[in-house]
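Taken together, the values in this text are just the output of simple stated rules run on the coordinates, not laboratory data. It should be emphasised that the depicted structure is a prediction, and the values quoted were computed from it without experimental measurement. Virtual Cβ from ideal backbone geometry, glycine too; neighbours counted across all protein chains shown.
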Amino acid sequence: MPFVNEYVSDEDAQKYDLDNLWNKYNYSWILKMPKALNHFEVHQHAWCVDKERSYWLFNCGFLRNENSRSGYPEPSNKEAFILHVNGQNIEFILAIHEMEVTDLYPIHFSYELVSMEPSCLPNISREHLITILKEALNVFKCSGIRNLEENAKSIIELNF
């Protein structure tokens, strides 16, 4: 079964501690999980999951730029994603760049790999983990299940 965008059950959200994963990376110092879920139309976490292989991808949101010109933390163009494979979480930091848009695809952007930790797992190479990440991102697109309309109008390029 390939990756699909879904809302996360409360049991899985607790099992994988998704509130704390989101809070660890997301730049919002005002809204933390689980309170932040109230600001979504559906008050549940969302992920891109391959249930057959027990893999999932969770978007933790944008990171803060602590070294901004203003001297205050500001949102950056870097997003944190957690890819869960074989019981392990792999942290991917990806830089997002807007690309030229067309009438057919008004949302066009690319991702660039900034970092990956750990860089491999026992019996799974870095290259294979990146292949799994690409599979999931091509389904997740820009917002997963939270905005299927935008996803249908988006095209992403994976520059890694």
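With the convex hull drawn over the C-alpha atoms of segment 4-158, the volume per residue is 126 Å³.
Charge dipole (Cα centre; +1 on Lys/Arg Cβ, -1 on Asp/Glu Cβ; no other charges) of segment 65-137 amounts to roughly 200 debye.
If you count Lys pairs in the chain whose Cα atoms are under 21 Å apart, skipping same-chain pairs closer than 8 places in sequence, the total is 14. The stretch between Lys153 and Arg69 holds 26.8 nm of extra length on full extension. This uses 0.36 nm per residue minus the Cα-Cα distance. Over the chain, Cα pairs under 8 Å with separation of 6+ residues give a relative contact order of 21 percent. Rounded to the nearest 20 debye, the dipole size of the chain about its Cα centre is 320 debye, using +1 on the Cβ of Lys and Arg and -1 on the Cβ of Asp and Glu. Figure legend: label point modelled 7 angstrom from the Cα of His97 along Cα→Cβ; residues of segment 116-160 with amide N under 12 Å from it are 157-160.
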